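For reference, the structure discussed in these notes is given below.
Since every read-out is calculated from the coordinates, none of them should be taken as a lab result. Predicted, not measured: the structure shown is a model, and the values here were computed from it. Counting neighbours? That spans all protein chains shown, and the Cβs are built from the backbone with ideal geometry, glycine included.
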Amino acid sequence: MDTSISSFAPQPNTGENEADLWNSYDALGAIISITIFPDPGSVIVSDQVHGADAAGWTFSTIRDPLNHQHPVSGTRVFTLYQADGGISSPQWALID
């Protein structure tokens, strides 16, 4: 991943400790700031999956005081599934 054009981190200006929430087992509600050149945006963890054979997060775009309006709208689902032989198989879904 080229972090010179895009990176993400817990949003630092919400008044909550987003880093602790994001790094916890239950990240639901964590706000993540995404640096997308030239238009940054923020998302919230709106759902998550923890299971024996899958783990993942659903991110929904939001408007916030740091990044204002996200440059795109919608929901993004990122899930890792346990495949045969113990190899993780990533899957993404984009819902606009």
Review point. How much length is gained on full extension from Ser6 to Gln69, taking 0.36 nm per residue of separation minus their Cα-Cα distance?
Key: 21.0 nm
Exercise for review: Output the peptides 15-25, 39-49 sorted from most to least packed, where packing is the average of other Cβ atoms within 10 Å over each peptide's residues.
Suggested key: 39-49, 15-25
Review point. Mean residue ellipticity at 222 nm from the helices of the chain, using -39,500 (n - 2.57) per DSSP H segment of n ≥ 4 over the full residue count, to the nearest 500 deg cm²/dmol?
Key: -1000 deg cm²/dmol
Point to revise | Gln11 long-range amide H proximity, modeled H, under 5 Å | key: Ile31, Ile32, Ser33
Check your understanding: Given Cα pairs under 8 Å that are at least 6 residues apart, what percent is the relative contact order of region 6-95?
Key -> 19
**Study point:** Hz values of 3J(HN,Hα) by residue in region 75-81 - Karplus curve (6.51, -1.76, 1.60), Gly and Pro given as x
**Key:** 10, 10, 10, 10, 9, 10, 10
Revision key, fill the gap. With a Förster distance of 22 angstrom and the Cβ-Cβ distance between Glu16 and Phe78, calculated FRET efficiency to the nearest 0.05 equals 0.50
